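Written below as structure tokens is the structure these notes are about.
The values are calculated or read from the model by the stated rules, or taken from the named source; none is laboratory data. Computed from a prediction, not measured in an experiment: that's the story for all the values here. Here the Cβ is made from the backbone with ideal geometry for all residues, glycine too, and neighbour counts use every protein chain on show. All accessible areas refer to the heavy atoms of the entire protein, side chains included, with ligands and DNA or RNA removed. Shrake-Rupley method; radii C 1.70, N 1.55, O 1.52, S 1.80 Å.
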Amino acid sequence: MVQCLIVDDESPAIDLLKNHIKAFSDLEIIASCYSAIEAFEIVKKEHVDLIFLDIEMPVLTGLDFLKTLKKAPKVIITTAYREYAVEGYDLDVVDYLLKPISFNRFVKAIDRYYERLPVTPSLTATSTKEIVNESFIYVNVNKKNIKIVFNDILYIESLKDYIRIHTQHKKIVVKSNIGKIESQLPISLFIRTHRSYIVALNKITAYTQKDIEIGAIEIPIGTSYSNQVHALVSS
């Protein structure tokens, strides 16, 4: 669980960040405060993994607060001012978000946070693969952003102007096209087998010259995809 601290002198900004954070099951808000002085006391007493930090605050600015920390947690700047961006990145912040912060932009910042987490050298190849497989995307269904963990996906099929994502637990229909979703998936985990299908490599149980099997499900291999598919699954 990622322990998060929100530091901002405006209540609406704090409320917005709280709503964004609640969409992530692995993020936990341990505190929110209205000044860098309060934040300093919290960081001294509590374990904090990630700070969402405003810049323009009374008494002590967010950047000055960051400079006072000997061993700072990861920081995502949240501000209405562009002019501090260079200084923020000089302080090695994870990301620099301009208000008002959209949910999509927030998701990208969280992805950058996870990308910067160190991988323990003692991890085996298998456990490293499992960590990669726990990456995810959000898809929009009826104005709700739904989290899809890559490792839950079995396959994806095209339905003209929609796609159906088949996971281990449910099927999700999204207004999108298969090319767009393909661009959001890691090529190490998924392969396009047909103009209408994308398959999770680690869910393949058998294959022939003409199709891929995931358990009892048969998914066709398109002629133009055949060489690439067979080269990958047989390697």
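Just to be sure I understand the filter: pairs with C-beta atoms under 9 Å, separated by 6 or more residues or on different chains, first member in the stretch 20-41 and surrounded by 17 or more Cβ atoms within 10 Å (Cβ to Cβ), second member of a type in the set (S, T, N, Q) and part of a helix (DSSP H, G or I). Which pairs pass?
Here the result reads Tyr34/Ser11; Ala36/Thr68, each pair linking the stretch 20-41 to a residue that is of a type in the set (S, T, N, Q) and part of a helix (DSSP H, G or I).
Looking only at the stretch 5-19, which residues are free of Cβ contacts under 8 Å to residues at least 24 places away in the same chain and open to solvent by 40 Å² or more (accessible area, probe 1.4 Å)?
Ser11, Pro12, Asp15, Lys18, Asn19
Tell me, yes or no, whether the stretch 213-233 has at least one residue that is surrounded by 14 or more Cβ atoms within 10 Å (Cβ to Cβ), touching a Pro at 6+ places or on another chain (Cβ under 9 Å) and either at pLDDT 90 or above or part of a strand (DSSP E or B) (or both).
Looking for residues that are surrounded by 14 or more Cβ atoms within 10 Å (Cβ to Cβ), touching a Pro at 6+ places or on another chain (Cβ under 9 Å) and either at pLDDT 90 or above or part of a strand (DSSP E or B) (or both), one finds none in the stretch 213-233, hence no.
Suppose we keep only residues that are closer than 24 Å to Val141 by Cα, charged (D, E, K, R) and in contact (Cβ under 8 Å) with a residue 12 or more places away in the chain within the stretch 174-207. Which one would you say is surrounded by the most Cβ atoms within 10 Å (Cβ to Cβ)?
So the residue we want is Arg192.
Being within 18 Å of the chain's Cα centre (by Cα), modelled with pLDDT of 65 or more and loosely packed, with under 11 Cβ neighbours inside 10 Å is the filter here; which residues of the stretch 117-142 pass it?
Pro118, the sole residue that qualifies.
Just to be sure, is Leu98 open to solvent by less than 80 Å² (accessible area, probe 1.4 Å), closer than 22 Å to Ala31 by Cβ and among the aliphatic types (A, V, I, L, M)?
no
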